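The values are calculated or read from the model by the stated rules, or taken from the named source; none is laboratory data. Since the structure is predicted, the reported quantities are computational estimates derived from the model, not experimental observations. For neighbour counting, all protein chains shown are included, and Cβ atoms are generated from backbone atoms with ideal geometry for every residue, glycine included.
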Amino acid sequence: MLQKAYLRVRHWPVLAVASIALTASVTQAAVSQPSDAQCGSAFEFIGPDPAVAARAKASGQPIYVVADSSEADPDGNIVLQGQAAIVKGDRQLNADEVTFNRDDQAAVATGAVVFGDSRMMLEGTSLQYNLEADQGTIENASYALREKRARGRATRIIRRDASRHTLEGAFYTTCPPGKRDWALRATKVDLDFDDGQGSARNVVLDFKGVPILYSPYFSFPLSDERKSGFLAPSAGNSDETGFEFRAPYYLNLAPNYDATITPRYMSKRGLMMGGLGRYLFRGTEGEIGGTLLPSDKEADRDRNYVFLKQNGRFTPRWTHYLSYNRVSDDQYFEDFGNNLTDVSTTHLQRLATTSYNGDNWRVRGQVETYQTLSGSRPYRRLPQLMFNTSGFLFGGLNYAIDSEFTEYDHPDLVDGTRIDLYPSLSLPWETAAFRVEPRLGFRYTQYSLNDQLPGRDDNPSRSVPIFSVDSGMFFERDLDLWGVDAVQTLEPRLFYLYIPNRDQDDIPLFDTSDTDFTFQSLFRTNRFSGPDRQGDANQVTAAVTSRILSASSGVEMLRTSLGQIRYLRDRQVGLRPGSAIEASESAIVGELWARLTRSLTARGDLEWDPDSGSTQRSVFGLYYRPDNGVLLNASYRMRRELPKLSAPGLTESLEQIDISGLIPLGRNWQLVGRSYYSLPESKIIESFIGLGYESCCWGARVVTRRYVRSLSGDTTSAILFELELKGLTNIGNKVENLLTEGVFGYSRDAYGY
């Protein structure tokens, strides 16, 4: 069976404009339900007297009858008067007066009638009911559904059996008594609890007393079972697409696979059809989908997108993963993407991989290609095979082996095969206050190249020893921090690395580049990202970390780290010939994390160049999380000589400020916003501001947004609106995804917007 969390869907009762006749259905309503915190004690369901139910159970009688007084009439009926009650199983009838016939088990109740079972609770002015057949009719009834936290009224409710009910002249809402902010009205409603679904005819959706939607028919779920039908539609407007409307339709094809078809009308571009199929088989799950826009009115060409993702296990140790992506053109994500991640996409990955994990070893094979949207074209790996193992030998000696074989393919550049082997031995030794770990490794890399430049070796190789010693000490002391008992640690660390120089000018760059210089870089054995370059080194890293922890709870209150590399000789190996680096010391890098108050934390990263006396990279952020529902973030990022995505081969400086947050305005209102700003360009990267209202049974949100839609910096605007009828559906754009991506730390469960 499908896992509920995996195939969870959000459904919407299909309501058509009065002039349009639609027959549709909805499926499982994965929507918010009214909560006790918002509704309070006002939301109390009607129900029979629980004390009577307890006495009936204790009596052991199949039919339990009780009243203040009773008398028999000539027809064999018993007339019960004053707090009359009849109980059979989970069914209970309470009324001012009940006429009951024990022979055919027929009952007629009048005056303050209350009837209930495990599914529904009913209250009305009169009831005719047969306990044996479990059939009856109640007039002028109020009702409540136990599991749905919903209620309503009907001129008449017909109980056909324990599972099936018909409601005439009914309305339905999840708002508490005394409030009817929204309601569904229908001339007739049929409920079938065994089948898990209901249907209604001539349906009108009222919001604040105003009819806003109509449908001659719709069906809806009474359980968590999935069901084919329309999902929540959305509508909006943006500069790129104009007015848009989406009406997804969900297909429950089988217990282990389903599909969603999504027509997307865009006034500026036309009708795009989208589809998503999901499947779950033994040990395997995945999804396949895409979009198609025939003859885009703006671009005057067909536009499409296809994707596939799958992962699973053949056995508990043997896994696989597939990913395929393709778009019709380079501008697809700029025109149809909805976030910064989409519009910044430069390459689409196509990957197939399989891995086997042993007790202390792992083997992996994969093939990988890309569709290039902008920038240079990467090499294809056809295939790549990797083997890794590590373990213990004797006398505390550890071993590790990393190995790889890759076939690289490129239509324009030198390509070929690469074999990379890296075995190593280490001997760690550790006490409570000191540790040291010497490590000796040997790296051998062999190439077989095609289309090598004249005068260069077609089969270059490189073999180089790698020696390192990593050591550290641990000190601590008690500390009185403004009246709070704390513990401060001091953790100095020394790391020595020696790697002799090897000429690598004949070796191409298949997948190797420079890496960002961070605090973790101080302890790496290669300053490059891949095996095509093994950096030479004779250097010592000196670093220190200090922490402050609560003495009582052990909670970390402050952590700061600082370090630098001292180079004992110039570094000769670079990405390009003649790119030796003459420097006696590296930049100083550091990290900071601090809990300034119970609600305020800070985080920072720094790279400072002592030669130029300038900061090369810095990140600093403040994050405020009090208990009153406020969420505030402020961060600053700066980096010099960052590769420019829109102009490969060039660099640019980056300096950005990002401020975001969510602030409650009283009990029901919330203000949300973000401003993500580029200082060098004096330009907004993304900004939005929104207002939300949240009540017991409904919510509404409106957000206006402006964001960069292309690598060249073009911007577009959009307005999003969402109306949530709790327990029923969401209508409009789903604002939650925007907030999750744009407001750091936001989650719907925690903040409710």
field: Selected residue [modelled with pLDDT of 95 or more and within 15 Å of VAL367 (Cα to Cα)] from THR389, THR417
entry: THR417
- prompt: Which of the residues belonging to the stretch 73-94 are charged (D, E, K, R) and touching a Phe, Trp or Tyr at 6+ places or on another chain (Cβ under 8 Å)?
  reply: LYS88, ARG91
statement: Picking from GLY209, GLY274, GLY270, GLY198, the residue that is under 18 Å from MET120 (Cβ atoms) and free of Cβ contacts under 8 Å to residues at least 40 places away in the same chain would be GLY198
query: Considering the stretch 538-555 alone, what residues qualify as being surrounded by 17 or more Cβ atoms within 10 Å (Cβ to Cβ) and within 30 Å of TRP482 (Cα to Cα)?
result: ALA543, THR545, ARG547, ILE548, LEU549
query: Quick one: would you say GLU591 is modelled with pLDDT of 95 or more and touching a strand residue (DSSP E or B) at 6+ places or on another chain (Cβ under 6 Å)?
result: yes
field: In the stretch 582-592, the residues that are out of contact with any Pro (no Cβ under 8 Å at 6 or more places or on another chain), surrounded by fewer than 17 Cβ atoms within 10 Å (Cβ to Cβ) and part of a strand (DSSP E or B)
entry: LEU592
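A quick yes/no check of all residues on (1) touching a strand residue (DSSP E or B) at 6+ places or on another chain (Cβ under 9 Å); (2) surrounded by fewer than 14 Cβ atoms within 10 Å (Cβ to Cβ); (3) β-branched (Val, Ile, Thr):
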| site | (1), (2), (3) |
| --- | --- |
| MET557 | yes, no, no |
| LEU562 | yes, no, no |
| ARG569 | yes, yes, no |
| PRO577 | no, yes, no |
| ALA602 | yes, no, no |
| ARG617 | yes, no, no |
| TYR624 | yes, no, no |
task: Working only within the stretch 593-617, note down all residues that are closer than 28 Å to LEU481 by Cα and either in contact (Cβ under 8 Å) with a residue 60 or more places away in the chain or in a strand (DSSP E or B) (or both).
output: TRP593, ALA594, ARG595, LEU600, THR601, ALA602, ARG603, GLY604, ASP605, LEU606
query: ILE663: surrounded by fewer than 22 Cβ atoms within 10 Å (Cβ to Cβ), within 27 Å of CYS175 (Cα to Cα), β-branched (Val, Ile, Thr) and out of contact with any helix residue (DSSP H, G or I) (no Cβ under 8 Å at 6 or more places or on another chain), yes or no?
result: yes
query: Pick from ASP239, ASP258, ASP302: which is acidic (Asp, Glu) and within 25 Å of LEU322 (Cβ to Cβ)?
result: ASP258
message: Quick check on my filter: what residues within the stretch 368-393 are over 26 Å from TYR356 (Cβ atoms) and part of a strand (DSSP E or B)?
response: GLN371, THR372
- request: Go through (1) touching a residue at least 24 places away in the same chain (Cβ under 8 Å); (2) surrounded by 18 or more Cβ atoms within 10 Å (Cβ to Cβ) and name the single condition LEU80 misses.
  value: (1)
task: Report, by residue number, each residue of the stretch 449-459 that is surrounded by 14 or more Cβ atoms within 10 Å (Cβ to Cβ) and either at pLDDT 95 or above or in a strand (DSSP E or B) (or both).
output: LEU449
- prompt: Looking at the stretch 197-237, which of its residues are outside any strand (DSSP E or B), surrounded by fewer than 16 Cβ atoms within 10 Å (Cβ to Cβ) and either in contact with a strand residue (DSSP E or B) (Cβ under 6 Å, 6 or more places away or on another chain) or at pLDDT 80 or above (or both)?
  reply: LYS208, GLY209
task: Those residues that are among the basic types (Lys, Arg) and either assigned to a strand (DSSP E or B) or farther than 21 Å from TYR676 by Cα (or both), I need them from the stretch 618-646; list them, please.
output: ARG637, ARG639, ARG640
- request: Would you please list the contacts, defined by Cβ atoms under 9 Å and residues six or more apart or on different chains, that run from a residue in the stretch 328-339 that is not assigned by TED's automatic domain parsing to the domain that holds VAL306 to a residue that is in a loop (DSSP other than H, G, I, E, B)?
  value: none
